[in-house]
Protein chains: 2
Amino acid sequence: MQRRVTIEDIAREAGVSRQTVTRAMNDMPRISEATRARVLEVSERLGYRPSRFASNLARTSKAKTIAFVVDSFRNPYYSELTADLLDAASARGWQMTIASHENEPELELIGRLAGEVDAIVGYLSEPDETALVAAARGVPIVLLGSTVTTESLHSIDLDFISAFRKLIPELESRGSRRFALLESQPLGTEYDPSTRRIAYERAVDTRSAEAVVVCEAPPQSVDAGELGFNELMDRFPDTDTVIAFSDLIAMGALRAAHHRGIDVPGQVRLVGVDGLSLGAVTSPALTSLAILGTEFTEQIADVTERALSGAEVPFEHRSVVPLVIWRESA
Amino acid sequence: MQRRVTIEDIAREAGVSRQTVTRAMNDMPRISEATRARVLEVSERLGYRPSRFASNLARTSKAKTIAFVVDSFRNPYYSELTADLLDAASARGWQMTIASHENEPELELIGRLAGEVDAIVGYLSEPDETALVAAARGVPIVLLGSTVTTESLHSIDLDFISAFRKLIPELESRGSRRFALLESQPLGTEYDPSTRRIAYERAVDTRSAEAVVVCEAPPQSVDAGELGFNELMDRFPDTDTVIAFSDLIAMGALRAAHHRGIDVPGQVRLVGVDGLSLGAVTSPALTSLAILGTEFTEQIADVTERALSGAEVPFEHRSVVPLVIWRESA
DNA sequence: AACAAAAGCGTGATCGCTCACGCAGGGCTT
DNA sequence: AAGCCCTGCGTGAGCGATCACGCTTTTGTT
């Protein structure tokens with residue numbers, strides 16, 4: 001392993017001082033064109049790469065970098081949220097690095113990120129918050145979409161209880177009587193019931209509360225929605241309104257309905273969750289309990305901004321209510 | 001502006017040495033539980049944030065970070081590519097930061113990124129390569145999807161000429177006679193004809209070469225495709241095969257065809273470009289000249305790896321040929 | 001011609017952390 | 001009881017850049 005080429009090497013080779021090399025590299029004034037060219041030539045020849053750590057340390061950089069962590073950027077919900085958050089981040093002059101915990105143990109990932117960024121934002125699944133905070137080694141964490149119990153990190157939760165409590169009556173006023181939920185997360189020893197499911201069950205009548213079908217593998221996909229919808233209509237044929245766990249699942253349901261000759265929203269009303277922009281181009285366009293396009297992104301950015309501001313900021317726990325976007329499917 | 005809380009402050013306040021603070025923070029051995037707890041408590045109280053620059057500098061970090069730059073992460077092509085590249089990057093232990101040049105002058109962006117990452121990869125639109133390289137201040141650039149003329153950066157281009165030369169005859173063997181192109185990029189003083197258009201024109205007969213419709217604003221969207229397809233069928237009614245600039249545009253065309261009662265692929269065959277996974281869930285599923293899911297990602301990662309390896313690597317210029325994925329629409 | 005100003009370049013000091021050591025004290029072995 | 005290892009800490013020396021100066025030499029001004 002050969003030693004790194006430093007500014008000193010360039011200086012020696014070009015017969016100038018470090019400062020002059022700096023001047024040449026960052027095109028600062030007070031250097032002649034001739035020497036600048038010579039230095040640049042030498043640095044190219046030796047393959048010099050300035051160390052971003054050294055220079056940022058020396059200039060006590062104000063540049064902030066945040067990490068955004070999600071399950072998978074292949075899921076349109078996460079990728080759209082990423083795009084939104086990137087806008088908010090760059091508006092504030094932050095860099096944003098992305099990571100998914102598909103291929104790496106989460107705590108390990110957090111540990112790696114902690115050495116590289118100034119804040120970690122995202123959907124994390126590690127339930128042990130203390131371990132999370134420990135792995136982050138002083139780097140603040142903004143946890144999304146889940147309820148935090150300790151006072152050691154920031155969080156922004158989604159209030160599906162309120163959202164469903166508003167959604168269901170509105171649907172009823174449009175004629176909905178028999179609801180059903182296309183759930184994504186199985187109920188079992190290792191899974192708590194999803195907050196969406198809880199919110200759904202609380203908001204509907206008892207008969208509808210039983211009409212829940214879990215979309216199996218592959219999870220969170222259009223195909224899962226298609227399968228799930230078919231099973232749903234087989235088991236609960238008098239359903240007139242379907243709430244899907246996500247817009248992706250709703251899109252699958254839409255396709256299944258199409259194949260079965262079921263008119264949406266004529267025979268069955270369909271509501272997704274997420275507010276994907278993709279939902280606007282299906283036919284019929286998807287009505288959705290939107291997270292995207294609400295204040296969610298701004299809240300994330302705002303809390304992150306505080307977290308970044310350093311020192312002893314109190315831990316914030318906010319909650320945003322998803323908002324219904326009425327389109328054609330319901 | 002108050003001074004930053006450093007490791008020294010913690011050490012003083014906790015009555016220990018810097019090294020002990022380091023040991024506590026990075027939970028290293030050779031420290032008693034009592035002192036570790038005390039140090040942690042103090043550091044929390046003072047709001048200590050370790051400087052990632054200082055620590056990385058001191059440990060001469062091997063961690064690499066690359067920046068991935070595209071037009072917009074709202075475009076599914078870019079977001080899927082991002083997901084693919086992220087996999088390749090994390091498999092190699094790199095961090096990946098993302099940036100779009102929607103809201104910021106490109107050269108400025110490059111300059112900012114240069115101070116934060118070890119390589120810049122992406123679709124860049126600045127035509128002045130010298131300016132690009134200068135803005136990057138020694139940080140290597142891997143340019144995607146365009147032909148490079150100078151020998152100062154790496155590049156990976158898409159060979160649409162070859163791709164179309166294979167695609168068109170295959171379509172003809174399936175019965176296609178009158179082709180049309182749904183182009184996205186207008187032809188004008190500030191735009192060169194797109195490589196896709198050139199490749200198309202070279203591969204089809206003269207009559208088809210005239211059948212080109214430009215999908216206007218908003219560019220690169222489903223809506224644009226819908227409008228474009230309608231115009232196309234109005235102006236060139238005997239078209240039997242439509243090549244869309246992208247899968248998104250093809251999806252719009254699909255919708256338009258649906259509304260006009262045109263059967264795809266029965267009456268009109270439709271081929272997109274990109275290979276979006278989304279194309280698999282439309283009905284009919286989209287045949288596409290795929291970039292995603294080909295060796296493109298691996299080639300990018302491979303070239304980037306060389307670029308990152310430092311020193312005097314020769315500049316590479318590779319080219320990958322998009323690959324037809326036959327699905328239902330053609 | 002005299003003096004000021006600017007251009008061109010170099011020398012510590014410093015940014016905040018980690019690493020390689022060094023050194024004391026307590027519990028083990030033999 | 002002498003020797004040894006292990007635990008628990010602390011001290012100097014960098015990591016690779018930039019910044020604030022300071023020093024010559026040129027250029028310009030009156």
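When each of A:A89, A:A83 is tested for being part of a helix (DSSP H, G or I), in contact (Cβ under 8 Å) with a residue 60 or more places away in the chain and either in the same structural domain as A:I141 (by TED's automatic domain parsing) or surrounded by 19 or more Cβ atoms within 10 Å (Cβ to Cβ) (or both), the lone residue that passes is A:A89.
Against the conditions (1) buried (at least 22 other Cβ atoms within 10 Å of the Cβ); (2) touching a Phe, Trp or Tyr at 6+ places or on another chain (Cβ under 6 Å), A:S288 satisfies every one except (2). Within the range B:136-150, the presence of at least one residue that is in a loop (DSSP other than H, G, I, E, B) and open to solvent by less than 10 Å² (accessible area, probe 1.4 Å) is confirmed.
Residues checked against (1) more than 12 Å from chain B (Cβ to nearest Cβ); (2) without any contact (Cβ under 8 Å) to a residue 60 or more places away in the chain; (3) touching a helix residue (DSSP H, G or I) at 6+ places or on another chain (Cβ under 9 Å):
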{"residue": "A:M96", "(1), (2), (3)": "no, yes, yes"}
{"residue": "A:E102", "(1), (2), (3)": "no, yes, yes"}
{"residue": "A:D128", "(1), (2), (3)": "yes, yes, yes"}
{"residue": "A:A134", "(1), (2), (3)": "no, yes, yes"}
{"residue": "A:G138", "(1), (2), (3)": "no, yes, yes"}
{"residue": "A:L143", "(1), (2), (3)": "yes, yes, yes"}
{"residue": "A:E151", "(1), (2), (3)": "no, no, no"}
{"residue": "A:R178", "(1), (2), (3)": "yes, no, yes"}
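For the range B:151-165, the set of residues classified as open to solvent by 10 Å² or more (accessible area, probe 1.4 Å) and within 15 Å of B:T241 (Cα to Cα) is empty.
Only residues that are within 16 Å of DNA strand D (Cβ to nearest atom), at pLDDT 90 or above and more than 7 Å from chain A (Cβ to nearest Cβ): list them for the range B:60-82, please. Spell out the reasoning first.
Applying the first criterion (within 16 Å of DNA strand D (Cβ to nearest atom)) to the range B:60-82 yields B:60-65.
Still in the running and at pLDDT 90 or above: B:64-65.
Scanning the range B:60-82 gives a single hit, B:K64.
Are any residues in the range A:39-59 within 21 Å of B:A58 (Cβ to Cβ) and either more than 8 Å from chain B (Cβ to nearest Cβ) or of a type in the set (S, T, N, Q) (or both), and if so, which ones? The answer is A:S51, A:S55, A:N56, A:A58, A:R59. Out of A:V242, A:V264, one residue alone is more than 14 Å from chain B (Cβ to nearest Cβ), farther than 30 Å from A:A119 by Cβ and in a loop (DSSP other than H, G, I, E, B). It is A:V264. Within the set A:A37, A:A54, A:A11, the sole residue that is open to solvent by less than 60 Å² (accessible area, probe 1.4 Å), aliphatic (A, V, I, L, M) and in contact with a Leu (Cβ under 8 Å, 6 or more places away or on another chain) turns out to be A:A54. Counting only residues that are free of Cβ contacts under 8 Å to residues at least 40 places away in the same chain and part of a strand (DSSP E or B), the range A:104-126 holds 0 of them.
Residues in the range B:268-276: is at least one within 12 Å of another protein chain (Cβ to nearest Cβ) and modelled with pLDDT of 95 or more?
Here is the first cut: in the range B:268-276, the ones within 12 Å of another protein chain (Cβ to nearest Cβ) are B:276.
Remaining after also requiring modelled with pLDDT of 95 or more: B:276.
Among the residues of the range B:268-276, at least one is within 12 Å of another protein chain (Cβ to nearest Cβ) and modelled with pLDDT of 95 or more, which makes the answer yes.
The values are calculated or read from the model by the stated rules, or taken from the named source; none is laboratory data. Keep in mind that what you see is a predicted model, and the values were worked out from it rather than measured. Glycine gets a Cβ as well: all are built from the backbone with ideal geometry, and neighbour counts include every protein chain shown. Side chains are part of the model used for accessible areas, which takes the heavy atoms of the whole protein and leaves out ligands, DNA and RNA. Shrake-Rupley method; radii C 1.70, N 1.55, O 1.52, S 1.80 Å.
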